[in-house]
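Single-structure report; data block below.
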């Protein structure tokens with residue numbers, strides 16, 4: 001029974017979270033209780049050292065900075081300008097409005113990395129327009145929800161920052177490795193919309209010719225430059241500084257936070273009230289992440305102290321599981337967990353348990369990190385608790401039913417799962433760019 005105690009702890013925590021107990025306090029409270037029972041009062045000394053070491057991790061400073069950058073950009077109005085411009089550029093094509101949503105979603109992902117802000121912004125701006133233009137609710141909502149989740153995999157991504165911290169790998173390497181998978185996923189979304197528009201043209205019509213003509217006659221070039229130039233400069237300053245080796249991800253996050261503030265000022269949207277709201281939301285989200293991180297630190301300490309990692313390695317060896325089968329089991333477990341719990345909880349509960357096992361099996365942790373990020377991206381889209389679905393339903397017109405949103409995201413979830421399989425079969429999709437930049 002003593003050998004199975006860490007697995008019992010893991011299972012009990014997971015059950016309590018599904019019942020509805022707060023994640024941070026379930027992780028921390030139960031772990032501390034078991035830790036004191038097993039290791040005596042000295043456990044608190046070990047825990048304080050571990051928490052101090054975790055919270056002093058320089059990489060984690062990037063989390064509040066990237067969150068601030070994303071929320072500030074949401075207030076700047078750049079997303080609205082981008083969507084309007086892209087919609088008119090692609091308007092003459094069937095499905096052009098949906099394609100513009102995907103492209104803007106990718107640009108916002110490369111600018112912010114905040115899924116909630118992206119989905120809400122695009123839902124408010126583009127969903128009423130798409131429905132007015134004759135798009136079916138399924139393709140409209142599915143496109144918006146899935147495009148909004150691109151911030152999970154396209155850097156700078158808070159998910160990749162947290163995964164880098166937990167897996168103990170370079171966040172910069174994760175960012176570099178995520179570029180090709182992220183934009184390949186964008187291409188797959190666009191390809192799906194093109195094919196869908198050919199098969200069901202009535203569900204994804206063109207925009208009216210008079211609107212496109214009016215757009216071209218009234219300062220088209222100026223609007224395009226204004227809409228694309230500012231976000232592009234921000235993307236270049238953040239990601240370019242990382243890939244060029246000029247700044248660490250944390251330093252680049254500071255550049256991004258300052259850049260987002262300046263862009264909001266240039267757009268004339270910066271006020272004392274806006275700044276106060278951004279700071280309040282950033283503090284709220286950051287505190288939520290870090291209190292869960294403290295609970296996860298307690299859980300990780302107890303789990304390993306009880307020999308949980310050694311017990312799991314023994315189980316794998318006795319079951320004669322190959323590294324590939326073990327990876328499949330982990331990805332399947334994370335995918336199923338994504339139906340019920342948040343990505344932050346998955347990162348801090350599952351990943352610390354399996355990370356030492358991947359290391360022991362000789363599996364590349366950068367590759368694993370990208371696969372987990374792709375997997376966690378689906379957790380935003382999978383019913384019943386996909387957060388993107390909630391965000392979109394919250395801003396959608398009453399005529400859009402929840403069932404329409406669920407039906408709309410299914411093809412995109414299938415694409416993500418198939419692409420994840422492709423990354424498993426061809427790891428070069430992940431490793432090619434990092435190896436190229438190191439030459």
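The values are calculated or read from the model by the stated rules, or taken from the named source; none is laboratory data. Because the structure is a prediction, the values reported are computed rather than measured. Reconstructed Cβ throughout: ideal geometry from the backbone, glycine too, with neighbour counts over all protein chains shown.
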Residue 87: passes all of (1) at pLDDT below 75; (2) surrounded by 24 or more Cβ atoms within 10 Å (Cβ to Cβ); (3) within 21 Å of the chain's Cα centre (by Cα) but (3)
Consider residue 314 against the criteria (1) touching a residue at least 24 places away in the same chain (Cβ under 8 Å); (2) over 28 Å from residue 151 (Cβ atoms): it satisfies all of them except one. Which criterion is unmet? (1)
Suppose we keep only residues that are more than 16 Å from the chain's Cα centre (by Cα) and at pLDDT 85 or above within region 334-355. Which one would you say is nearest to residue 162 (Cα to Cα)? 355
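What about residue 290, is it under 21 Å from residue 155 (Cα atoms) and modelled with pLDDT under 80?
No, not satisfied.
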Any pair with Cβ under 6 angstrom, 6 or more apart, that starts in region 94-119 at a residue that is within 23 Å of residue 393 (Cβ to Cβ) and ends at one that is part of a loop (DSSP other than H, G, I, E, B) and modelled with pLDDT under 75: 100/90
Which numbered condition residue 74 misses (of (1) at pLDDT 75 or above; (2) under 18 Å from residue 282 (Cα atoms)): (1)
Can you name the number of the only condition in (1) touching a helix residue (DSSP H, G or I) at 6+ places or on another chain (Cβ under 9 Å); (2) at pLDDT 85 or above; (3) assigned to a helix (DSSP H, G or I) that residue 127 fails? (2)
Helices (runs of 4 or more DSSP H) (entirely within region 373-439) containing at least 3 residues that are in contact with a helix residue (DSSP H, G or I) (Cβ under 6 Å, 6 or more places away or on another chain), modelled with pLDDT of 90 or more and surrounded by 14 or more Cβ atoms within 10 Å (Cβ to Cβ): 402-425
Identify, by number, the condition in (1) crowded, with 16+ Cβ neighbours inside 10 Å; (2) over 17 Å from residue 151 (Cβ atoms) that residue 234 doesn't meet. (2)
